[in-house]
Amino acid sequence: MTKTNVLICDDSAFARKQMARAVPDGWEVNIHYAVNGADAIEQIHRGNADVMFLDLNMPVMDGYQTMDFIRQKDLPCLVIVVSGDVQPEARQRMLANGALDFIRKPIDNGKLSTLLRQYGIYTGDSVATQRKQQAAISSSNETEKFDAYREMVNVAMGRAGENLARLLGEFIDLPIPNVNVIENNELHMAIAEINRNESVSAVSKGFVSAGIHGEALVLFNDTDFNNIVELLNYDQLSAAPAQLEALMDISNIIIGACVNGLSDQLNVTFSHSSPILLGRNRELESILATTKQRWNRIMAVEVGFAIKHKGVSFDLLLLFPEKSMERIYARLVGTEE
């Protein structure tokens, strides 16, 4: 029996392994990998992609550019998009460009098998079990762990982008999350590097479960507020109340969706603290001076959200103490219940 060449295109090694584990065991395949769209195009030309599972947010050449190229050149490849960014516009754009379907991360093995059978790509009955063991994610070095953390946040970020897109009726540009481990005394410098605006507003919210502690911080450039208020249709309110309501609503949507996305992947239920307004229309240093982190080393994950044609952007910073990092990784790879 001729095997199907399956290409998994994702910039995250952790995500590629997860996708490989989700492939049905009864499907006779040769699995190939690509780290970005340019790499994927080369693999298609080599005949290594009868079917491709394609991520959206990647460096060098993202999923949108890759799909555009495949369509323009009429390349012989069936594409299923697998992404954490599941905004309605993202789905519509990819399907309009010829993708077979669009499924969210993390992959549900049973749903994937059902989808493949619907398109006649796979005719068996089994889902991933044996192959899951063959492609198991084992103990990793620091680089691989950071890749797993980044992919975890990428999926959670996609949830937030989807919720925000539905609320605002706009496409949200989502970048690749930036993950670093820093000392407590470096936190202010890291945040200042993220947001260089003279006047900012910020909201903070903590969450905890199963020995995992985290804090989310949303930073707004105050010059964006009029556009945000207009997008939310809060312009019937007077300026100050409208800005405050917009600030809290956007923060709650972003933080809530991200934390829920983390909960689903880590199989925990986080308890949330009440959101805290750290400051409005103030210099960043003034706002940061009021925050007192109780952790020594911190994993800081920075995510930027933008509505480019509206000139709107805001930043989410997720902070985890060092002692939470191993617990997070153990849950991601399934070594802790």
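Checking the stated criteria, Leu262 turns out not to satisfy the condition of being within 27 Å of Ile176 (Cβ to Cβ), crowded, with 16+ Cβ neighbours inside 10 Å and either at pLDDT below 90 or β-branched (Val, Ile, Thr) (or both). State yes or no: is Val35 surrounded by fewer than 23 Cβ atoms within 10 Å (Cβ to Cβ) and in contact with a Pro (Cβ under 9 Å, 6 or more places away or on another chain)? In short, yes.
Residue-by-condition table, conditions (1) over 24 Å from His309 (Cα atoms); (2) at pLDDT 95 or above:
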| position | (1), (2) |
| --- | --- |
| Gln236 | no, no |
| Ala240 | yes, no |
| Asp249 | no, no |
| Asn252 | no, no |
| Phe270 | yes, yes |
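Considering only residues in region 138-177 that are closer than 29 Å to Asn226 by Cα and basic (Lys, Arg), the one that is surrounded by the most Cβ atoms within 10 Å (Cβ to Cβ) turns out to be Arg159. Scanning region 62-77 for residues that are surrounded by fewer than 18 Cβ atoms within 10 Å (Cβ to Cβ) and among the hydrophobic types (A, V, I, L, M, F, W, C) turns up Phe69, Leu75.
What pairs can you find where one residue is in region 109-123 and free of Cβ contacts under 8 Å to residues at least 40 places away in the same chain and in the same structural domain as Cys77 (by TED's automatic domain parsing), the other is of a type in the set (Asp, Glu) and assigned to a helix (DSSP H, G or I), and their Cβ atoms are less than 8 Å apart, with a gap of 6+ or different chains? Pairs that qualify, where the first residue is free of Cβ contacts under 8 Å to residues at least 40 places away in the same chain and in the same structural domain as Cys77 (by TED's automatic domain parsing) and the partner is of a type in the set (Asp, Glu) and assigned to a helix (DSSP H, G or I): there are none. Applying the condition of being polar (S, T, N, Q) and either surrounded by 20 or more Cβ atoms within 10 Å (Cβ to Cβ) or under 23 Å from Ser12 (Cα atoms) (or both) to region 78-126 and asking which residue is farthest from the chain's Cα centre (by Cα) yields Ser113. Residues of region 41-83 that are more than 23 Å from Asp147 (Cβ to Cβ), in contact with a strand residue (DSSP E or B) (Cβ under 6 Å, 6 or more places away or on another chain) and either outside the structural domain of Val23 (by TED's automatic domain parsing) or not aliphatic (A, V, I, L, M) (or both): Asp50, Cys77.
Selection of region 172-190 for residues being more than 21 Å from Lys145 (Cβ to Cβ) and assigned to a helix (DSSP H, G or I) yields Asn185, His188, Met189.
The values are calculated or read from the model by the stated rules, or taken from the named source; none is laboratory data. A quick note: this is a predicted structure, and the numbers were derived from the prediction, not measured. Please note: Cβ atoms are built from the backbone with ideal geometry, for glycine as well, and neighbour counts cover all protein chains shown.
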